Amino acid sequence: MKIETTCCFTGHRPKKLPWGENEQDARCLVLKDRLARSLENAYQAGMRHFMCGMALGADFYFCDAVLALRERRSGVTLEACIPCEEQAARWRERDRQRYFELVRRCDQETLIQRHYDRGCMLRRNRYMVDRSSMLIAVYDGMLGGTMYTLEYAMKRGLETVILEVDAP
């Protein structure tokens, strides 16, 4: 894939989102709508390949939104960037089922490394940023992996789209 037509994503897991796991919460629905519009704008700007880290929470929203974009627009591809084989091993069954279904629907699957270690999530994020020209982020302004990835993308000169998380 070409860097100039690739967009990656970073965002929060449910514990950092004001609505937690309740995806029917009005704030979550608004965020998902903003995310879909951001993807449409990215497509209009020439983005065709989208990369997702496949974590719980905002990554799943992004993955679902790209799959919906792929149904409406030609040339859209989605890459699941998996930090390690055990990424979903300790998740609840319903989350694992959703994860494997989303990965199955992706056009490409990239495994960053076989086994988990403390740095595998950061390596996954760097892998995505290093191969992209745009980053979409769901970000609340707090310290963590999303902030690190956003800062790294900005240092690398990626166009960034920040979707703020609405407070409760």
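The values are calculated or read from the model by the stated rules, or taken from the named source; none is laboratory data. Treat the numbers as computed from the prediction; the structure is a model and nothing was measured. Because the Cβ atoms are built from the backbone with ideal geometry, glycine has one as well, and the counts that use them run over all protein chains shown.
Sort out which residues of region 30-56 are in contact (Cβ under 8 Å) with a residue 60 or more places away in the chain and within 14 Å of L163 (Cα to Cα), and write them in order of number.
V30, L31, R34, L35, S38, L39, N41, A42
For G119, state whether it is surrounded by fewer than 13 Cβ atoms within 10 Å (Cβ to Cβ) and either modelled with pLDDT under 95 or farther than 21 Å from R37 by Cβ (or both).
It is true that G119 is surrounded by fewer than 13 Cβ atoms within 10 Å (Cβ to Cβ) and either modelled with pLDDT under 95 or farther than 21 Å from R37 by Cβ (or both).
Residues of region 104-144 being farther than 19 Å from K2 by Cβ, touching a helix residue (DSSP H, G or I) at 6+ places or on another chain (Cβ under 6 Å) and among the small types (G, A, S), which ones?
A137
Within region 114-164, work out how many residues are over 16 Å from G11 (Cβ atoms), of a type in the set (D, E) and in a loop (DSSP other than H, G, I, E, B).
Count: 1.
Output the residues belonging to region 42-68 that are assigned to a helix (DSSP H, G or I) and either touching a strand residue (DSSP E or B) at 6+ places or on another chain (Cβ under 8 Å) or among the β-branched types (V, I, T) (or both).
Once the filter is applied, which keeps residues that are assigned to a helix (DSSP H, G or I) and either touching a strand residue (DSSP E or B) at 6+ places or on another chain (Cβ under 8 Å) or among the β-branched types (V, I, T) (or both), region 42-68 yields A42, A58, D59, Y61, F62, C63, V66, L67.
Is it the case that L111 is farther than 21 Å from W19 by Cβ, in contact with a Leu (Cβ under 8 Å, 6 or more places away or on another chain) and among the hydrophobic types (A, V, I, L, M, F, W, C)?
Answer is no for this residue.
Out of all the residues in region 1-29, which are outside any loop (DSSP other than H, G, I, E, B) and free of Cβ contacts under 8 Å to residues at least 60 places away in the same chain?
Our first condition is that a residue be outside any loop (DSSP other than H, G, I, E, B); within region 1-29, this holds for 3-10, 14-16, 26-29.
Answer for region 1-29, where residues must be outside any loop (DSSP other than H, G, I, E, B) and free of Cβ contacts under 8 Å to residues at least 60 places away in the same chain: P14, K15, A26, C28, L29.
Restricting attention to region 6-39, report how many residues are surrounded by 19 or more Cβ atoms within 10 Å (Cβ to Cβ), more than 20 Å from L122 (Cβ to Cβ) and in contact with a Lys or Arg (Cβ under 8 Å, 6 or more places away or on another chain).
So the count comes out to 0.
Go through region 127-158 and report how many residues are over 19 Å from C81 (Cβ atoms) and either free of Cβ contacts under 8 Å to residues at least 40 places away in the same chain or among the β-branched types (V, I, T) (or both).
The qualifying residues number 5.
Give region 69-108 a look and list any residue that's part of a helix (DSSP H, G or I), in contact (Cβ under 8 Å) with a residue 12 or more places away in the chain and surrounded by fewer than 13 Cβ atoms within 10 Å (Cβ to Cβ), or say none.
Passing the criteria: only F100.
Within region 57-72, identify whether any single residue is modelled with pLDDT of 95 or more and in contact with a His (Cβ under 6 Å, 6 or more places away or on another chain), and answer yes or no.
Scanning region 57-72, I find at least one residue that is modelled with pLDDT of 95 or more and in contact with a His (Cβ under 6 Å, 6 or more places away or on another chain), so the answer is yes.
Among Y148, Y139, Y127, which is the only one that is out of contact with any strand residue (DSSP E or B) (no Cβ under 7 Å at 6 or more places or on another chain) and either among the aromatic types (F, W, Y) or at pLDDT below 95 (or both)?
On the way: Y139 fails: out of contact with any strand residue (DSSP E or B) (no Cβ under 7 Å at 6 or more places or on another chain); Y127 fails: out of contact with any strand residue (DSSP E or B) (no Cβ under 7 Å at 6 or more places or on another chain).
Every option except Y148 fails the conditions.
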